[in-house]
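Working notes, beginning with the structure itself.
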Amino acid sequence: PSPSDPWRPVAHLTAGKNWLNDPNGLVYHDGIYHAFYQYNPHGNSWGNMSWGHSTSKDLVHWEQQPVAMEASPEEEIFSGCIVMDTNNASGLGSAENPPMVALYTSAYGKNGALPQGAQAQSIAYSLDSGATWQKYQGNPVLNLAPTNNNFRDPKVTWYEPGRYWVMTTVVADAQVVKMFKSTDLLRWEFLSDFSGVGAQGGLWEVPELVQMDVEGSTARKWVMLLSINPGGIAGGSGMQYFVGEFDGTRFTPENAAAADAPLEESQWLDHGADYYAANSISGAPGDKPVLLGWMGNWDYAQDVPTTPWRGSMAVPRELTLVRGGKRFELRSAIAGAAKETLERSGEVKSKNLTVGSSLQDLGPDFAARSQLIELEMDLASANEAGLILRRSSDGNAGHRISYAPETRTVRVDRSQAGTSNFSEKFSPFHEVKLQSSGNDRAVRLTILLDASSVEVFIGSGEAVISDTFFPEWDNTGSSAFSTEGDTDFLVTSRTL
Ligand code: FRU
């Protein structure tokens, strides 16, 4: 970042210029992470949807590559996925050089294969490790009859017991996930629908079915990740999940919230306003899903004041599935590779302090535009405590992260953190109520602050709050505060 580009993150994927939204085609191949994404090569707002491309070795530093697939008057390239067709089952490559296969949504324009406005699933393939892409001659490979205008977002996973690929898609405005199977990625057969539980919201988008180990047991479960917009827990776009069984045909959730239940009863991947359309990275090392999400919200993403770029990805995170009190739950952490990279990037500064009913500046060591903070707080007698980041020297502006033990609530407040007049829908604060840990006066937070975003991983990862905000360049202070009593702080920080 610089005073002329003050909100450019240093540890997140952005495009050099122009608009981006959903990550697409996330794949790890030959030691390189590939992220393709919804990208407008010609402007700084949504349109001309194409697949941009960036690569990384460490999930923190990304190198932008040429646009992989560009919109044409006939079709825009909406969200989708990539898998390695290792056995060349599609026949699009060869045994020696198996193809990388992309499944994407064709959003048809004039003179396309389907009527204007229709959406269907298509294929493209690469024989040079993702550098260049050819569209398959027989596109689209999957269409609904009658033709549908909201049939999109294919994500494919390998189903070993049946030895076939399973694709999840949505009919977005009908709030239904549709599943299909294929052995060659070209011919798809309908399996089942999933609908009618959890938060319904407006559109259902970008679904994914992942199989996960249950931590501390030999059991495995299937998890359905689902983006909804609007109707998310923090307003506008949000991501919920369901845990259950998949028998090769049907996904059956367990203990899912009813469709008419309060939003809090659904399970959410994030309680902030800016986490959407996350999918896992196909073939990523390790046995946990590694997700990349878009740090945006359709309520205001097109209005945020960054230029010449707009849109950032969230930090990659890895998921763990645990048996909670009432049901299975996901835990989120910054993905291992990303965490190691971040921990290498700056000198460690650590400070122990007790703050009593006041506010204490943490001093120049903790002043930063971007930093990774590990925070431990023990609110001995205080009723609220936390940090103010990106604070102005007069104390009037700052981004506030706090915890209140009585209600076990973590709150992230961006209302005084910077410019917000670009949209009336830029919600002021977000919060999450934690389950009791036995010692509710103590809390641990991992905070990734990066120029125009903050991602707060809470406790053992039981909740995350991801929010964008747009602070003044000069505001770099960090303070600790405690209200109506004492709080012990241990703050460890690395400037990024
Ligand atoms: C989700 C989404 C997808 C669609 C893409 C278009 O953010 O609306 O459903 O494929 O973005 O850019």
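Of the residues 424, 455, 384, which single one is within 29 Å of residue 348 (Cα to Cα) and surrounded by fewer than 23 Cβ atoms within 10 Å (Cβ to Cβ)?
When all the criteria are applied, what remains is 384.
So which residues in the range 213-229 are hydroxyl-bearing (Ser, Thr, Tyr) and away from the ligand (no atom under 14 Å from the Cβ), if there are any at all?
Matches in the range 213-229: 217, 218.
Pull out all pairs, ordered by first then second residue, where Cβ-Cβ is under 8 Å, the residues are six or more apart or on different chains, the first lies in the range 90-102 and is over 17 Å from residue 157 (Cα atoms), and the second is hydroxyl-bearing (Ser, Thr, Tyr).
Qualifying pairs under 8 Å: 92/125; 92/136; 93/125; 98/86.
I want to confirm something. Restricting to the range 266-290 and keeping residues that are among the hydroxyl-bearing types (Ser, Thr, Tyr) and not in a loop (DSSP other than H, G, I, E, B), which single residue is nearest to the chain's Cα centre (by Cα)?
Within the range 266-290, the match that is nearest to the chain's Cα centre (by Cα) is 276.
Residues 72, 90: which one is modelled with pLDDT of 95 or more and crowded, with 16+ Cβ neighbours inside 10 Å?
90
Determine which member of the set 145, 95, 89, 131 is away from the ligand (no atom under 16 Å from the Cβ), in a loop (DSSP other than H, G, I, E, B) and under 24 Å from residue 63 (Cβ atoms).
131
Considering only residues that are part of a loop (DSSP other than H, G, I, E, B) and among the acidic types (Asp, Glu), look in the range 74-86 and name the one that is farthest from residue 207 (Cα to Cα).
Restricting to residues being part of a loop (DSSP other than H, G, I, E, B) and among the acidic types (Asp, Glu), the top hit is 74.
Inspect the range 136-158 for any residue being free of Cβ contacts under 8 Å to residues at least 40 places away in the same chain and in contact with a Phe, Trp or Tyr (Cβ under 7 Å, 6 or more places away or on another chain) and give the result as yes or no.
The answer is yes; a qualifying residue exists.
Is there a residue in the range 246-262 that is outside the structural domain of residue 457 (by TED's automatic domain parsing) and in contact with a Pro (Cβ under 8 Å, 6 or more places away or on another chain)?
yes
Are any of the residues in the range 104-116 within 28 Å of the chain's Cα centre (by Cα), within 28 Å of residue 283 (Cα to Cα), assigned to a strand (DSSP E or B) and away from the ligand (no atom under 16 Å from the Cβ)?
no
Filter the range 203-259 for residues that are within 21 Å of residue 165 (Cβ to Cβ) and free of Cβ contacts under 8 Å to residues at least 24 places away in the same chain; which is surrounded by the fewest Cβ atoms within 10 Å (Cβ to Cβ)?
Residue satisfying both the conditions and the ranking: 220.
Test each condition in (1) closer than 19 Å to residue 244 by Cα; (2) surrounded by fewer than 24 Cβ atoms within 10 Å (Cβ to Cβ); (3) of a type in the set (Ser, Thr, Tyr) for residue 266 and report the one that comes out false.
Status for residue 266: all satisfied but (2).
Residues being more than 12 Å from the ligand (Cβ to nearest atom) and either buried (at least 20 other Cβ atoms within 10 Å of the Cβ) or among the aromatic types (Phe, Trp, Tyr) (or both): count how many of those fall in the range 158-179.
Qualifying residue count, the range 158-179: 11.
Has the range 287-305 got any residue that is modelled with pLDDT of 95 or more, acidic (Asp, Glu) and away from the ligand (no atom under 16 Å from the Cβ)?
The answer is no, given that none of the residues of the range 287-305 is modelled with pLDDT of 95 or more, acidic (Asp, Glu) and away from the ligand (no atom under 16 Å from the Cβ).
When you go through 232, 248, 244 one by one, which is the residue that is within 16 Å of the ligand (Cβ to nearest atom) and either modelled with pLDDT of 95 or more or farther than 13 Å from residue 328 by Cβ (or both)?
232
Hey, can you tell me all the residues within the range 12-40 that are more than 16 Å from the ligand (Cβ to nearest atom), closer than 22 Å to residue 205 by Cβ and in a strand (DSSP E or B)?
Answer for the range 12-40, where residues must be more than 16 Å from the ligand (Cβ to nearest atom), closer than 22 Å to residue 205 by Cβ and in a strand (DSSP E or B): 14, 27, 34.
The values are calculated or read from the model by the stated rules, or taken from the named source; none is laboratory data. Note that the structure is a prediction, hence the values are computed from the model and not measured. Backbone-built Cβ (ideal geometry, glycine too); neighbour counts: all protein chains shown.
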